[in-house]
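Worksheet: one structure, shown below.
The values are calculated or read from the model by the stated rules, or taken from the named source; none is laboratory data. Computed from a predicted model, the values in this text were never measured in an experiment. Positions of Cβ are generated from backbone atoms using ideal geometry, with glycine treated the same way; all protein chains shown enter the neighbour counts. What goes into the accessible areas is simple: the full protein's heavy atoms, side chains included, and nothing from ligands, DNA or RNA. Shrake-Rupley method; radii C 1.70, N 1.55, O 1.52, S 1.80 Å.
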Amino acid sequence: MEASTTILAIETSCDETAAAVVVNGTEVRSNIIASQIAVHRRFGGVVPEIASRQHMEAIVPAVNAALAEAEISFADLDAVAVTYGPGLVGALLVGLAYAKSLAYGLGKPLLGVHHLLGHIYAGFLQQPRLPLPAVCLVVSGGHTNLIYLEGHEKRRPIGATRDDAAGEAFDKVARVLGLPYPGGPELEKLAREGDPEAVHFPRAWLEEGSFDFSFSGLKSAVINYLHHARQTNREINRADVAASFQAAAVEVLVSKTIRAAKEYAARSILLAGGVAANSALRQGMLSAGAEIGLPVICPPPLLCTDNAAMIGCAAYYQYLRREYAPLSLNAVPNLPLY
Ligand code: KG4
Ligand code: ZN
């Protein structure tokens, strides 16, 4: 029988307490996500201190559930992986303290994983042999990055947001439209009933040839539109505004990614991060990719938003390279990717 590697992965960087068992990098045996949405909803966003406390309550049951669903015990683990940044420091520390104690107690290696790398590796869960080089668009609540991916250890930046992250723009626009937290998925739901061409919001292309993004102008344009409509007592159609905002954001994300894929001669396009759960973005990218003959890898929505299976996948390749972390590993809230 071939040797297999079983990794327990833990992710507590924001508002999901997640634990997963991943075998040989891509076989997800369990993927437990304890969401804190209900707790944060009445505050309209994530309250960091509450997130930490919730993680403390949820971490042990989440890990136990991950092991039970995978039908293994602690003794079967080869390594323990954990997200150590970027994210909310107090939230990260809960996962880290747990993972470090467990690795020490079991005498097994500890693997420290970058949260965004985890998002990228959701693509390898979806398609373990995804064609490289790839151009990867990571769109989450805190980040918007275009990355050139040559191999497991080889990646370099192509572009990034200069202000708001795409998810942040979705969340802020959702809030001004009176939608509950988390805004992104609620805005998508409302947009389904609207006309994406009803209002023309600006697209931030930036300087010619730039692969950077900017979403603050678009966000302000929506706020100004709503404000002006209120002042002039003009009736607004919220669904039209949501659909028009979404169309503007998606158009820029898709067209810059496609242009990068062409310029960098990519063999595939990878979509990652929470906003990649958005079906307008998925469909836009899939059809634009098909037009230029490139496969677009879009993990299922559950693997796009925060989860620990993606952390286990990224950790596996670090394990193969023996990139173990010391037990002194600390949380790094602004951990850079490069
Ligand atoms: O990756 P993620 O779960 O957490 C971070 O690392 O930030 O991403 C969360 C972000 C939030 O801004 C959320 O509103 C957005 O992803 N998001 C969506 C959708 N689902 C999640 N945005 C638009 N449409 C969605 N369906
Ligand atoms: Zn994330």
Legend entry - Residues of the range 71-122: accessible area per residue with a 1.4 Å probe, Å²: 32
Inset, instruction - Treating only the Cβ atoms of Lys and Arg (+1) and Asp and Glu (-1) as charged, compute the dipole magnitude of the chain about its Cα centre; round to the nearest 20 debye. - result: 320
Legend entry - Sparsely packed trypsin sites (Lys or Arg not before Pro) within the range 217-280, loop by DSSP, other Cβ within 10 Å at most 14: R234, R267
Legend entry - Charge-dipole axis of the range 132-294 as Lys and Arg at +1 and Asp and Glu at -1 on Cβ define it, positive-most pick from T257, L206, Q246: T257
Inset, instruction - Roll a 1.4 angstrom probe over the protein heavy atoms and tell me the percent of accessible area of the chain that is carbon or sulfur. - result: 52
Inset, instruction - Return the sequence-ordered ³J(HN,Hα) values of the range 211-217 in whole Hz as given by the Karplus equation 6.51 cos²θ - 1.76 cosθ + 1.60 applied to θ = phi - 60°, using x for Gly and Pro. - result: 9, 7, 10, 8, 10, 5, x
Inset, instruction - Please sort by residue number the GluC sites (Glu not before Pro) in the range 49-87 whose DSSP state is loop and whose Cβ has at most 16 other Cβ atoms within 10 Å. - result: E71
Inset, instruction - For the chain, set up a Gaussian network in which alpha carbons nearer than 10 Å are linked by springs, and say which option among M56, M310, M285 fluctuates the most. - result: M56
Legend entry - Max mean-square fluctuation residue, GNM over the chain, Cα-Cα springs under 10 Å, options L125, L92, L206: L206
Inset, instruction - Enumerate by residue number the trypsin sites (Lys or Arg not before Pro) in the range 91-176 meeting two conditions: DSSP loop (anything except H, G, I, E, B), and at most 15 other Cβ atoms within 10 Å of the site's Cβ. - result: R129, K154, R162
Inset, instruction - Compute the separation of the alpha-carbon centres of the range 117-138 and the range 16-73 and state it in Å as a whole number. - result: 23
Inset, instruction - Output the Kirkwood hydrodynamic radius of the range 84-167, Cα pairs only, in Å rounded to one decimal. - result: 14.7
Legend entry - Cα-based reach from K108 at 16 Å (exclusive), listing lysines while leaving out same-chain residues under 8 positions away: K100
Inset, instruction - Would you work out which of I37, M56, V94 lies farthest towards the positive end of the dipole of the range 23-96? Charges go on Cβ: Lys and Arg +1, Asp and Glu -1. - result: I37
Legend entry - Cβ-derived FRET efficiency at R0 30 Å, R259 paired with A198, nearest 0.05: 0.65
Inset, instruction - With a 1.4 Å probe and every protein chain left in place, work out the accessible area per residue of the range 132-294 in Å², rounded to a whole number. - result: 44
Legend entry - Size of electric dipole in the range 28-151: Cβ of Lys, Arg +1 and of Asp, Glu -1, about Cα centre, debye, nearest 20: 240
Legend entry - Degrees, to the nearest 10: 279-291 long Cα axis against longest axis of the chain: 90
Legend entry - Nearest-ten-degree value, helix 238-263 long axis tilted from longest Cα axis of the chain: 60
Legend entry - the chain: angle of helix 89-106 to the longest principal axis, Cα-based, in degrees nearest 10: 20
Legend entry - Three-way shape label, the range 31-140, alpha-carbon gyration tensor, a/c 1.5: oblate
Legend entry - Additional length obtainable on full extension of the chain from L302 to N24, 0.36 nm per residue less Cα span: 98.1 nm
Inset, instruction - Place a +1 charge on the Cβ of each Lys and Arg in the range 182-240 and a -1 charge on the Cβ of each Asp and Glu, then give the dipole magnitude about the Cα centre in debye, rounded to the nearest 20. - result: 300
